[in-house]
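What follows is a set of notes on a single structure, which appears directly below.
The values are calculated or read from the model by the stated rules, or taken from the named source; none is laboratory data. Just so it is clear, the model here is predicted, and its values are computed rather than measured. A quick note on method: Cβ atoms are made from the backbone with ideal geometry, for glycine too, and the neighbour counts reach across all protein chains shown. Surface accessibility is based on the protein's heavy atoms, side chains included, excluding ligands, DNA and RNA. Shrake-Rupley method; radii C 1.70, N 1.55, O 1.52, S 1.80 Å.
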Amino acid sequence: MSTSDNPQNQGPAEEAQTFAEEAPGSGVPAVAFDDRAKKSWFSRLPIISHLRQSVGLQRGMLITGLVLCGIVLICAIFAPLIAPYGFNQLGTSEGNFGSKLPPGGTHIWGTTVGGYDVFSRVVWGAQTAVAVIVVAVVMSIFAGVILGLVSGYIGGWLDRILVVIADAVYAFPTLLLALVMSIAISGGQSSAWGGIAAAAFSITVVFIPQYFRVVRAETLRLKAEPFVESAIVLGASKTRIISKHIFRNATRTLPLIFTLNSSEAILTLAGLGFLGFGIEPTSASEWGYDLNKALPDVTSGVWWTAVFPGVAIVLTVLGITLVGESMNDLNDPRLRVRRKAKVKNVKPAEVTA
Amino acid sequence: MSAAISEPGAEAAETSVAVKKPSGGGLGRYVLIRFLLIIPTIFILTTLVFFLMRITGDPITAALGGRLTKAQLAERVHAAGYDRPILVQYFEYLGNLLKGDFGTAVSDGQPVSSILLNYGAATVELVFYALIVAFILGIPLGMLAAYHRDKAPDAALRVLAILGYATPVFFAGMILKLVFGVFLPILPVAGRGTTETEYIMSGVVGPTRFYLIDALRIGNFSVLGDVLAHAVLPAIALGVLTAGVFLRLVRTNLIGTLEQQYVDSGRSRGISEYRLVTKHAYRPALIPIITVMGMQIALMLAGAVLTETTFEWKGLGFKLAEYLTARDFVAVQGIVVFLAVIVAVTNFLVDVIAAFIDPRVRY
């Protein structure tokens, strides 16, 4: 399989420039320059280095995205401090909150049909979203990268079988696969953390093929590079070549795919919740589930139960997508707006997609 | 997000690369090989779904678990043959699928194949409307963005496209319901037609179940208007999502072709800018767009599940959500497998169309 079938695959070679800019020849893996690079490790971290390169509109997009992501993260971490009530709290010692109270007073965003405080549930929802996304994406990176490295480097029948399966799974609509997975994992029922685990694991399975494909294609390309050949000549073991020489080069684009997948993961989680596969309100708060419960309210003019969790989803996905978009543009020298260059339009060399 | 969009194209490419043979194959050969490739895909999907659905137990216990006594359950499980070895059941299931038998729903006893037949048309109709919205919005706006690259209109459109992507289709639907159903009640917000329309439709002889076609066939224009009015909001909700994807696709590809020398040479011959963008640069940019469209239709089917639930549009997605709530996993499995097969076939058709248009696509 060629490496040019995915625009991402063009990234690493070019991204090498961003890591070792002074070095001539963009195709040379930047790992070779790591100890020579003058920048500190901090400024070479994915997002930091992108921030330093960005300029103008691109920087604006990146910063907006980072701010939105930051807000979500803060809500997630400090949910117990920010939210005035618990996610499953129906009232205080003075009695129940009451159902469908309009925004204002003690409930700044109103209460739901079930009598929960909307603001508190939205804040707690951030915690669920972050937990699910982190677990799901980390697990799928782990599995996808290992499978991709092994499959790409070793090849043979194992590779063929994995590719056919990954292609089949990849062609399957994300949400439907996640549905089937969550039936398989929890029988369609959600217990306390079981619901979160089921959602996270369902999303994991959906995303494994994506990492698998990218890493495998990269591995195939790197396998033919001279530095791998010389490692073989020097007698390095397969494990060492895969884990040392190929791994670090093949995983260069992962931060980018990570952001792209996280936004899709949030949408999948919300979709699952909306179809009633979410997490029960007593065990955790989940935006998609809240929207499901808010669906009948909308036609009777009760807007606050739907709008706030919905906007929370939109802003979270927007934040992550903006960060991913900017990183994508900055990783691609053809799309990057240069700080010093006077030429306004950087000429694209070829069509992506 | 651009990768989320460009990857589907890569998907098609990758599938075809898998059968890459030394060059020299004709179009017919390519179509044949591409067609044969659907079979393992569908086989893997069915196998995957079958075993995943059965990990937690048999469908009868899942659906009726709390309601029957143990003895009654065991009897029904036995009658349905769910106590036999799983492999026996699997091969029987595959055999039945080949005969077009998707099993019988546990909750309402309907054959799943008749559910697919009765409700499939509604889903296809919805996706069709949404595609129209996506084309009308996505392609001209994409052209506009590409032409004004890196200027204000481009930036605004790009942000809009990202917003379209970031909004879950059911939330977009709920906002539309709120605005056009409650604050400014001018459009119907639920169902495929009024009760009267549904009644007239149920009386149509030999229905296609595409309300648009059926309404035209009986020549009842008030029904036609009603059907179209009901389609507006769901089509927008589902279409806007895809419009954002189309916009970005058209933009990226047009930027590439607009840089080509033949565009400059066209400009020097005095061809209008409008014509340059919409004809000269756009046509060659179409091929990658068509390839990605296959994947988009797959995404739209998943989106249709959510849209139908939001708007009570009685299609496959609506039924899927109903059967999920009823924990009727035979029906769920049938619908999921059916949708997956549709997606696989759509991807095949799109690849073939791309091969017809672009002589470079031959493997």
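Observations on the model:
- In region B:194-243, residue modelled with the highest pLDDT [restricted to those that are open to solvent by 40 Å² or more (accessible area, probe 1.4 Å) and of a type in the set (Ser, Thr, Tyr)]: B:Ser222
- Residue within region A:223-237 that is among the hydroxyl-bearing types (Ser, Thr, Tyr) and outside any helix (DSSP H, G or I) present: yes
- Screening B:Leu299, B:Leu306 for residues that are under 22 Å from B:Gly164 (Cβ atoms) and open to solvent by 50 Å² or more (accessible area, probe 1.4 Å) leaves exactly one candidate, B:Leu299.
- Counted residues, region B:115-126 - those being open to solvent by 30 Å² or more (accessible area, probe 1.4 Å) and either more than 22 Å from B:Val204 (Cα to Cα) or modelled with pLDDT of 85 or more (or both): 2
- Residue pairs meeting the criteria (Cβ under 6 Å; at least 6 apart or on separate chains; first facing chain A (nearest Cβ under 8 Å) and free of Cβ contacts under 8 Å to residues at least 12 places away in the same chain, in region B:43-58; second part of a loop (DSSP other than H, G, I, E, B) and surrounded by fewer than 20 Cβ atoms within 10 Å (Cβ to Cβ)): B:Thr56/A:Gly187
- In region B:143-151 there is at least one residue matching the filter, namely being more than 22 Å from the chain's Cα centre (by Cα), more than 14 Å from chain A (Cβ to nearest Cβ) and crowded, with 19+ Cβ neighbours inside 10 Å.
- Scanning region B:159-175 turns up at least one residue that is open to solvent by 50 Å² or more (accessible area, probe 1.4 Å), assigned by the TED database to the domain that holds B:Leu247 and out of contact with any Gly (no Cβ under 8 Å at 6 or more places or on another chain).
- Residue match in region B:117-133 (condition: more than 18 Å from the chain's Cα centre (by Cα) and within 26 Å of A:Gly288 (Cβ to Cβ)): no
- Of all residues in region B:160-184, those satisfying the criterion of being out of contact with any helix residue (DSSP H, G or I) (no Cβ under 8 Å at 6 or more places or on another chain) and facing chain A (nearest Cβ under 10 Å) are B:Val179, B:Phe183.
- Residues of region B:176-193 satisfying the condition of being part of a loop (DSSP other than H, G, I, E, B), open to solvent by 30 Å² or more (accessible area, probe 1.4 Å) and among the β-branched types (Val, Ile, Thr): B:Ile186
- In this entry, A:Glu218 is excluded by the filter for residues that are charged (D, E, K, R), part of a helix (DSSP H, G or I), under 22 Å from A:Met327 (Cβ atoms) and within 9 Å of another protein chain (Cβ to nearest Cβ).
- Residue within region A:251-271 that is in a helix (DSSP H, G or I), touching a residue at least 12 places away in the same chain (Cβ under 8 Å) and in contact with a Lys or Arg (Cβ under 9 Å, 6 or more places away or on another chain) present: no
- If you filter region B:244-276 down to residues that are among the small types (Gly, Ala, Ser) and assigned to a helix (DSSP H, G or I), you find that the one that is surrounded by the most Cβ atoms within 10 Å (Cβ to Cβ) is B:Gly244.
- Filter result for the condition that a residue is more than 23 Å from the chain's Cα centre (by Cα) and under 30 Å from B:Ala161 (Cα atoms), over B:Leu241, B:Leu187: B:Leu187
- In region B:67-103, the residues that are touching a helix residue (DSSP H, G or I) at 6+ places or on another chain (Cβ under 7 Å) and open to solvent by 80 Å² or more (accessible area, probe 1.4 Å): B:Arg76, B:Asp83
- Scanning region B:182-198 for residues that are touching a Gly at 6+ places or on another chain (Cβ under 9 Å) and of a type outside the set (S, T, N, Q) yields B:Val182, B:Phe183, B:Leu187, B:Pro188, B:Val189, B:Ala190, B:Arg192, B:Glu198.
- In region A:239-276, residue nearest to the other protein chains (Cβ to nearest Cβ) [restricted to those that are farther than 30 Å from A:Glu325 by Cβ and modelled with pLDDT of 80 or more]: A:Ile242
- Residue in region A:336-353 that is at pLDDT 65 or above and more than 9 Å from every other protein chain (Cβ to nearest Cβ) present: no
- Check on A:Leu295, open to solvent by 10 Å² or more (accessible area, probe 1.4 Å) and either of a type in the set (A, V, I, L, M, F, W, C) or more than 7 Å from chain B (Cβ to nearest Cβ) (or both): yes
- Every test in (1) in contact (Cβ under 8 Å) with a residue 12 or more places away in the chain; (2) open to solvent by 20 Å² or more (accessible area, probe 1.4 Å); (3) not aromatic (Phe, Trp, Tyr) is passed by B:Gly315 save one, and that test is (2).
- For B:Arg217, the conditions (1) within 14 Å of chain A (Cβ to nearest Cβ); (2) part of a helix (DSSP H, G or I) are fulfilled apart from (1).
- Any hit, region A:54-64, residues being at pLDDT below 80 and in contact with a Phe, Trp or Tyr (Cβ under 8 Å, 6 or more places away or on another chain): no
- Failed item in (1) at pLDDT 75 or above; (2) open to solvent by 60 Å² or more (accessible area, probe 1.4 Å), with A:Asn96 passing the rest: (1)
- Listing of helices (runs of 4 or more DSSP H) fully contained in region B:2-109 that carry 3 or more residues being at pLDDT 80 or above, closer than 30 Å to A:Thr253 by Cβ and outside the structural domain of B:Val292 (by the TED database): B:27-54
- Subset of region B:318-334 (residues that are more than 9 Å from chain A (Cβ to nearest Cβ) and either free of Cβ contacts under 8 Å to residues at least 12 places away in the same chain or open to solvent by less than 10 Å² (accessible area, probe 1.4 Å) (or both)): B:Glu322, B:Tyr323, B:Asp328, B:Ala331, B:Gly334
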